[in-house]
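Below is one structure, written out as structure tokens; the observations come after it.
The values are calculated or read from the model by the stated rules, or taken from the named source; none is laboratory data. Quantities reported herein were computed from a predicted structural model and do not represent experimental measurements. Every residue, glycine among them, receives a Cβ derived from its backbone with ideal geometry; neighbour counts consider all protein chains shown. Heavy atoms of the whole protein, side chains included, go into the accessibility calculation; ligands, DNA and RNA do not. Shrake-Rupley method; radii C 1.70, N 1.55, O 1.52, S 1.80 Å.
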Amino acid sequence: FFRLVATCKMPPQGEAPTTERASKFMFICVLASEILPFMFGYSLGFTSPTFADCTDGENPYAMNCELKMTTAEKSLFGSLINIGALVGALGGGPLIDPLGRKFVLLAASAIYSASWLMIACAPSLPLGATEAGLQVIAMLFVGRLLTGVGIGLTCCTVNIYVSELSPTALRGALGTCFQVGIVVGLLSTYALGIFFKWRALAMIAMAISTVGLLALIFVPESPSWDRQKGRPEAAERTMRRLRSEYNPVPEEESAVDTQDQDDDPNGQSLMEALCSQAALRPLIVAVGLMLVQQFSGINAVMFYCGEILASVFDKATADAAATGVQFLQLLMTIATVPLMDRAGRRPLLLTAGVGMLFSSALLGLYYHLAGGPSAMPKIVAAATLYVYVFFFAVGLGSIPWLIIGEIFPPHVKGACSSVVTATNWSLSFLVTKTLDDMKGLVGYSGVFWTYGSCLAAGLVFVYFYVPETKGKSLEEIQAAFKGQQEYAQDPEETRGLTQFEPSDTE
């Protein structure tokens, strides 16, 4: 995979080659940080095999032979991760700027390790049905909540850290690793769940998160954060390790120093900093992208995935096809790695939005006509499902997270990332919670058409308000949002910057 990423060093034909060359050490640092999104995906997928175990009172491998988890307890166990992620985002994001990116990464790894240890060590001795059951439920629920906190910290920090380590020509490709890690973690849980019970899965997760914790001890702090804290020597030492060819005073370093002086938050409260022109513009873009991602209907499609496939195939084939959906998402996410810094973020977002819009419309039409004389063949729904996931992986899956690490000023990156991540998890909870109510109110067709309408609005937002960040240094992006310099010669790349005039934000 990293060999694929490395191919992105070569710029498209006609563009000047970059002078930045990433070292092997930089790739190792990125790999160490990407263990956290892997744990993110692993945690999301853990409920599937766990629910199979904890509802079987006759199964000697279940958590307790005398215990059965009720429907309400299963629902709470699954939703606790959303609550924990929201807590982690709101509580951990503001720590990124004062304490550093590495500190929060280590904290997230430690929380993952502790949470999975708690889940793995949930008591199984026959202490009596009631007592044993309460102990298991309490440890599982607390462990699950802590896992969510780790996910919140992961979403806030990893993309910022990776973007600040990456050379400009590789930033998009390496930023895509976040989504790749999530999907690989999700698939790993499904695959391991075939062979292992819930406790073994938890022990494997604890071992992987502990390895990640040990690996992160040896990665450096972000050079950008070191410079922001007045440690240019430490930043230069780190840059020499991250680049195989490094100029001690490159243009990028001068731009950062100038920007850090301009962005000095002394005498400014956090709220004033967030409401400044330099922070408010990118905050609107990032929150808007999260709105588009969550209201695109991806949760509805994945929630009804099994039902759609079961209506077309037999159970065994439908299960295999559902796993194939996840593999398709993984393959397409990896396939977009070289495209991220070649085609650019805006074209991929627009392409993904158009493809998902037509897929949503077709799924809605399928359910609208179902049972009538003009009913479509069932295979149409299954094929449309695959097309929908295909286009989601192309753009809306990874780019909104990638953008977080690119567009915010250094001194408010943590706070802005916290706001954006909290928004994402709040919307995820809202969409998931209202899904069944929407289905009862407007039916399957209305659900998919509603999300299709949201995608149409999202396309308008992306076209007019989301700028292109391909090939631009972090300093150029942030300076352009502040209106200090020309961002690009191509009018298409300046969209999203000319829409927010100072008078508008005031």
**OP:** Using a 1.4 Å probe and counting only protein heavy atoms, arrange F313, F448, F218 so the residue with the most accessible area comes first.
**Re:** F218, F313, F448
Subject >> Nitroxide proxy distance, nm - points 7 Å out along Cα→Cβ at S79 and K433 >> reply: 0.7 nm
Original post:
So what does C121 come to for accessible area, using a 1.4 Å probe and Å² rounded to 10?
Top reply: 80 Å²
Original post:
In what sequence, highest mean first, do 362-369, 180-187 appear when ranked by Cβ atoms within 10 angstrom?
Top reply: 180-187, 362-369
Subject >> Accessible area of segment 331-380 belonging to carbon and sulfur atoms, whole % at 1.4 Å probe >> reply: 75 percent
**OP:** With 22 Å as the limit, write out which pairs from K315/K433; K102/K413; K102/K229; K413/K472; K24/K102; K413/K433 have Cα-Cα distances beyond it, or answer none.
**Re:** K315/K433; K413/K433
Original post:
If you stretched the chain out fully between A375 and S453, how much longer would it get, using 0.36 nm times the residue separation minus the C-alpha to C-alpha distance?
Top reply: 25.8 nm
**OP:** Run the quick spin-label model on A234 and A191: label points 7 Å from Cα toward the beta carbon, then report their separation in nm to one decimal.
**Re:** 3.9 nm
Original post:
Ignoring any ligand, DNA or RNA, what whole percent of the accessible area of segment 141-214 comes from carbon and sulfur when the probe is 1.4 angstrom?
Top reply: 83 percent
Original post:
Mind ordering 394-401, 102-109 by average Cβ neighbours within 10 Å, highest first?
Top reply: 394-401, 102-109
**OP:** At q = 0.14, 0.18, 0.24, 0.27 Å⁻¹, what is the base-10 log of I(q)/I(0) for segment 305-349 according to the Debye formula with one equal point scatterer per Cα and no solvent? Please give it to two decimals.
**Re:** -0.48, -0.61, -0.75, -0.85
**OP:** Rounded, prolate or oblate: pick one for segment 385-448, where a ≥ b ≥ c are the square roots of the eigenvalues of its C-alpha gyration tensor, a/c under 1.5 means rounded, and failing that, prolate if a/b is larger than b/c, else oblate.
**Re:** oblate
Original post:
In Å², what does the accessible area per residue of segment 301-387 work out to with a 1.4 Å probe?
Top reply: 43 Å²
Original post:
For segment 196-241, taking Cα atoms only, what is the radius of gyration to one decimal and the Dmax to the nearest whole Å?
Top reply: 17.1, 50
**OP:** Quick one: work out Rg over Rh on the C-alpha atoms of segment 429-482, Rh as Kirkwood radius.
**Re:** 1.26
Original post:
Could you give the nm distance between label points at F327 and F464, where each point is 7 Å from its Cα heading toward the beta carbon?
Top reply: 4.3 nm
**OP:** Quantify how much of the Cα-Cα distance distribution of segment 340-458 extends past 22 Å, in percent.
**Re:** 47 percent
Subject >> Per-peptide average of other Cβ atoms within 10 Å, ordering 335-344, 453-462 highest first >> reply: 335-344, 453-462
